1. Please list, ordered by chain and number, the residues whose modelled amide H lies under 5 Å from the amide H of A:Val349; skip anything fewer than 5 residues away on the same chain.
2. When only C-alpha pairs under 8 Å and at least 6 residues apart count, what is the relative contact order of region A:155-259, in percent?
3. Given DSSP loops and a limit of at most 13 other Cβ atoms within 10 Å, what is the longest stretch of chain B that contains no such GluC sites (Glu not before Pro)?
4. Show me, bin by bin at 10 Å from 0, the whole-percent P(r) of region A:311-404 based on Cα pairs.
5. List the pair-distance distribution P(r) of the protein assembly as shown, using every Cα-Cα distance, as the percent of pairs falling in each 10 Å bin from 0 up to the bin containing the longest distance, rounded to whole percents.
6. So what is the 222 nm mean residue ellipticity for chain A from helices alone, if each DSSP H run of at least 4 adds -39500 (n - 2.57) and you divide by all residues, rounding to the nearest 500 deg cm²/dmol?
7. Just in region A:38-111: which trypsin sites (Lys or Arg not before Pro) are loop by DSSP and have at most 16 other Cβ atoms within 10 Å?
8. So if the hydrodynamic radius of region A:54-175 is defined as the Kirkwood radius over C-alpha pairs, what does Stokes-Einstein give as its diffusion coefficient at 25 °C and 0.890 mPa s, in µm² per second?
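Quick note: the coordinates plus some simple rules give every number you see, no bench work behind them. None of the values given here were measured: they were computed from a predicted structure. Don't worry about glycine lacking a Cβ; one is built from the backbone with ideal geometry, like all the others, and counts go over all protein chains shown.
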Amino acid sequence: MGLFDKHLAYRDAYKAIQQAGADPFTVRFDAVVSPTEGVVEGRPTILLGTNNYLGLTFDEKAIAASVKAVQERGTGTTGSRIANGSFEAHVALETALAEFYGRKHAMVFTTGYQANLGVLSTLVGRGDHLILDADSHASIYDGSRLGHAEVIRFRHNDPEDLAKRLRRLKDVPGERLIVVEGIYSMIGDTAPLKEIAAVKREMGGYLLVDEAHSMGVLGATGRGLAEAAGVEDDVDFIVGTFSKSLGAIGGFCVSNLDDFDVMRVICRPYMFTASLPPAVVASTLVALEQMIAKPHLREQLNSNACRLYDGLTALGFVTGPAASPIVAATMPDVERAIAMWNGLLQSGVYLNLALPPATPDSRPLLRASISAAHTHEQIDQVLKVFAEVGTALGVIDGQQRAFA
Amino acid sequence: MDTVTDLSLREIGLATSKVLGRTVEVTNDTHIGRDLAVDSLALMNIVMELEDAFDISIPLDRLAAVETAGDLSKLINDLRTKA
């Protein structure tokens, strides 16, 4: 018996995918030349799977600030903030985030994954109840395992099922923390947050919303689904990331709750990791300013999302419930999902292949994420390639060519 | 006690059949992963069916120790008597 024997089933499945063409889990870009263009095996490739919603990875001001920071402050902090102290930019970023969300407290983490790991394992403990949407991101599930609270799942986007779970806990001691996401990363659907907030108000408990994919995307000022749904006062904690709309890496949590800052000395994923390097903090600060200063990026993003969503739906692909910057096309089976993904890549379109069990309802998906930086020409080219490859593989019948 | 166990075993069989879309028979010794070829996602969906059937919530942390239908049946009965 070897250490890896228990994973043999995964190895075999992985080999089967590799044999079908390029390896979707180790795609190598020879170059990335803009937020929407890369080069794969010498081919110019449209990037349609990078979560680069506002296209800020190449923002000139953000790059300049990052270059200046690395020259003036060095390449890394070489330790955690509780041991090595904070750089002034860490504090400035937390102040800017708290101000943006209109909340008293903000805490920055080294990755978005660690933000969920840290916050969920610290806010609730033994005897408390963590109540998760069933389709929660892996970081939420992993955060729930790191802590000691009892973990209960409710049916995806089902406020009535959430209420049922809370009713079953009636008279059971312990705090309740409800966790949902602004936009779910696989098919791009949003939580029914108004209804969920109403359940929270009626039954009691705290509400945390992970706005990883909705920051800068939803809401009049880009604060996410809580803003769009008009329930910010009901949301006790917002978790987010710098690795999507803000084009860098890192995570955060903001809140109005008193004593929030005690997390700095008890939250292990915050305490025992090196803090973000100066260059990342600097570009993130500027990207946040740009996101606030350029609301038209959000309009452009949503217009692009509709163009792709409407186009794919008109071609006959099975898409999610509504247009969002994440557009997923459900594939009939894993075999054709892999073939379709390969066909698209060969034709210069890169997006994400998502296979069960990482997808809802065990359906394989091709997952596209749109950017404000995509041009209409790029989206139309994507639709043309989808139509060709989809027809060749029998995923669509090829007769529906109604897209503009 | 036997009748209680029989009831939860029967419900486990029904929930599994519904989620997998094929009829399965389960006994106390049925290994959920090996004998029924249930992956982690399908198990979660089976658990949701059982939660509805018995009007209980089965905490994820308690599921970690479940390997057989008998383990699951015992967990359900423990949660029901606690409630």
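1. Hits under the 5 Å cutoff: A:Ile46.
2. For region A:155-259, the relative contact order is 21 percent.
3. B:26-66
4. Spelled out bin by bin, region A:311-404 gives 16, 54, 28, 2 percent.
5. Answer for the protein assembly as shown: a P(r) of 4, 18, 26, 27, 18, 6, 1, 0 percent.
6. On the way: 14 runs with 160 residues, N = 404.
When only DSSP H runs of four or more count, the value is -12000 deg cm²/dmol.
7. A:Lys104
8. On the way: Rh = 17.6 Å.
Result for D is 139 µm²/s.
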